[in-house]
Structure formats: C-alpha cells, structure tokens
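The values are calculated or read from the model by the stated rules, or taken from the named source; none is laboratory data. Because the structure is predicted, anything quoted here is derived from the model rather than measured. All Cβ positions, glycine included, derive from the backbone under ideal geometry; neighbour counts span all protein chains shown.
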C-alpha cells in the first residue's frame, strides 16, 4: 500500500500511548504499510488541531490517546469534544481518521485496552487499512 498515514498520538500517559503506537505499527507493518509518520501532542484535546494542520499531507490519520475519568466532568468534555471534532474533520475533508482514543474509568482499564491482546491502537490501524482499501 502506497498511502501516507499519520499517527497522531496524545502523550499524556506515555506508557499507554507507546503501547498504542506499538499495536498500530505492528498492523501497518503486517500490511506492508511503510509510509507513515508519528506525531505526538500533549493530550487528546490537541489531536484535532494537529490533524487539521496536516490534513492535506496524508491520506489518512490514526488518532491515539487516553482519557481517564477523574473527580470532575472534565473527562466528559474532553472526550466528547475531541471525538466530535475528529469526526467533523473526517467528514468535512473526506479523509479517514480512525479513533484509537481510549476512554476509561481508571488506569487499570486503560492498561488493559492498550495491552498486547486488546490493543486499541491495533484495532484503529486495522480500521484505517480497511478504509484506505475502499
């Protein structure tokens, strides 16, 4: 596949983000996808901006990151706003953007969803490969 893919990764939880990246890259390499870039941002709220800034440079994007619920409604605001913004970008620019953002109630859940067996990065990369084939 000769498409250009950008992984945009929120690095707020570095160990979780790194596991998501590993999962996604394993899939991309399995499918022979060598033309990819990894861009890191501070948190998930910054993902849509960086995707928009690079929207014309890539054929597709994989958004990766993690939001863990705390004691305030911040979790809901960040999660919903980011997911809606990513969907809007995808539809407006007709570019596939797969969602690999983990939203969890605690760190234990996040670690499970970024583990080798249940890796959300892997799932998102599979979705991106599927979308780029169509």
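A few remarks follow.
- If you filter segment 2-15 down to residues that are over 26 Å from residue 133 (Cβ atoms) and more than 12 Å from the chain's Cα centre (by Cα), you find that the one that is surrounded by the fewest Cβ atoms within 10 Å (Cβ to Cβ) is 14.
- Subset of segment 39-56 that is touching a helix residue (DSSP H, G or I) at 6+ places or on another chain (Cβ under 8 Å) and in a helix (DSSP H, G or I) - its residue that is surrounded by the fewest Cβ atoms within 10 Å (Cβ to Cβ): 52
- Leading residue by the ranking (farthest from residue 59 (Cα to Cα)) among those in segment 18-38 that are under 13 Å from the mean Cα position of the chain (by Cα) and surrounded by fewer than 17 Cβ atoms within 10 Å (Cβ to Cβ): 18
- Leading residue by the ranking (farthest from the chain's Cα centre (by Cα)) among those in segment 91-111 that are assigned to a helix (DSSP H, G or I) and closer than 18 Å to residue 70 by Cα: 108
- Conditions (1) free of Cβ contacts under 8 Å to residues at least 12 places away in the same chain; (2) under 28 Å from residue 4 (Cβ atoms); (3) not in a helix (DSSP H, G or I); number of the one not met by residue 84: (3)
- Of the residues making up segment 100-129, those that are modelled with pLDDT under 95, out of contact with any helix residue (DSSP H, G or I) (no Cβ under 7 Å at 6 or more places or on another chain) and within 23 Å of residue 84 (Cβ to Cβ) are 105, 109.
- Residue within segment 116-131 that is farther than 22 Å from residue 31 by Cα, more than 15 Å from the chain's Cα centre (by Cα) and surrounded by fewer than 18 Cβ atoms within 10 Å (Cβ to Cβ) present: no
- Segment 57-77 - residue that is in a loop (DSSP other than H, G, I, E, B) and under 17 Å from residue 102 (Cβ atoms) and, of those, modelled with the lowest pLDDT: 70
Each row is one residue, and each column tells you yes or no for (1) crowded, with 18+ Cβ neighbours inside 10 Å; (2) within 18 Å of residue 5 (Cα to Cα).
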site: 73; (1), (2): no, no
site: 99; (1), (2): yes, yes
site: 105; (1), (2): no, no
site: 109; (1), (2): no, no
site: 113; (1), (2): yes, no
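- Taken over segment 104-117, residues that are without any contact (Cβ under 8 Å) to a residue 60 or more places away in the chain and within 26 Å of residue 59 (Cα to Cα) amount to 0.
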